[in-house]
Every structure is written in structure tokens, then in C-alpha cells.
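Below: one structure, written as C-alpha cells.
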Amino acid sequence: MSARELTDSARAMRVIAALFGFAAVALGAFGAHALRGTLSSLGTVETWTTGSIYHLVHAAVLTVIALAYPGARISFWLFVAGIGLFCGSLYVYAVTGSKPVAMLAPVGGACLLAGWLALAWRGGRGR
């Protein structure tokens, strides 16, 4: 990969990380305020909160990777997939109660775990 391609890739990663961070804050606030009654009546406040916390934490990790380790693209994309599948399925389940959607959460969780392992593997290689 050329230096120009790495720069373009790093720039895209920074934008994606920022958008995921924005979405985490927006969805957390939306759940806490606009959806409070719905989530309370469905008994899914904790589910939404879990999705929000994992979303925000991993958006921060995306930002660190984008700024400090742009070569760790495998970890970055595993975290993106994990946020989408794990957090996304929790958000949808919390609002709809759809059990089939909730079945995506373990796949997303596996992506998050794989992202951490890929990051550890890359760090262990000293690059």
C-alpha cells in the first residue's frame, strides 16, 4: 500500500470513527429521552443502555486506531462490524422486542472480540 493510499485510508477511518462517535452520543440521548417511555414499557432500558455503552466505547477505540494505528485496518473493520451487529441489534431489539434480530448480537460480539484479538496480534508484532 502506497503512502498516498494509507493517507486516504486513514482519513476515511477518521471520518468513520467520528460518525460512529456522533451516532453513539445521539442514540444514547435519544434512548434516554425520546424513547424513555417505550423502553420502560417494553422493559428494555438496560438493553438499550448496554448497546449505547458498547457503541460509545468502541467508537472511541475506532478513533484511537484511526489516529494512532491507521495500519490496523482489520481491527478497525472488525470493530465497525461489531458495533453495527452487536449494538445495532440491541437497539432494534430494545424498540421492537424482535427475538430474531437479537440473534445477531452474538455475531457482533464475536466481531468485537476478534477486533481486540487482531489489535493485540498487531501490537505484539511491533508494527
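The values are calculated or read from the model by the stated rules, or taken from the named source; none is laboratory data. Computed from a prediction, not measured in an experiment: that's the story for all the values here. Counting neighbours? That spans all protein chains shown, and the Cβs are built from the backbone with ideal geometry, glycine included.
Brief remarks on what is shown
- Close contacts from the range 42-54, counting a first residue that is modelled with pLDDT of 95 or more and a second that is not in a helix (DSSP H, G or I), with Cβ to Cβ under 6 Å and a gap of 6+ residues or different chains, come to Leu42/Gly97.
- Residues being in contact with a helix residue (DSSP H, G or I) (Cβ under 8 Å, 6 or more places away or on another chain), assigned to a helix (DSSP H, G or I) and at pLDDT below 95 - total across the range 1-26: 2
- Which listed residue is in a helix (DSSP H, G or I), of a type outside the set (Phe, Trp, Tyr) and buried (at least 17 other Cβ atoms within 10 Å of the Cβ), from Leu117, Leu78, Leu67: Leu78
- Residues of the range 27-64 satisfying the condition of being surrounded by fewer than 15 Cβ atoms within 10 Å (Cβ to Cβ) and not in a helix (DSSP H, G or I): His33, Ala34, Gly43
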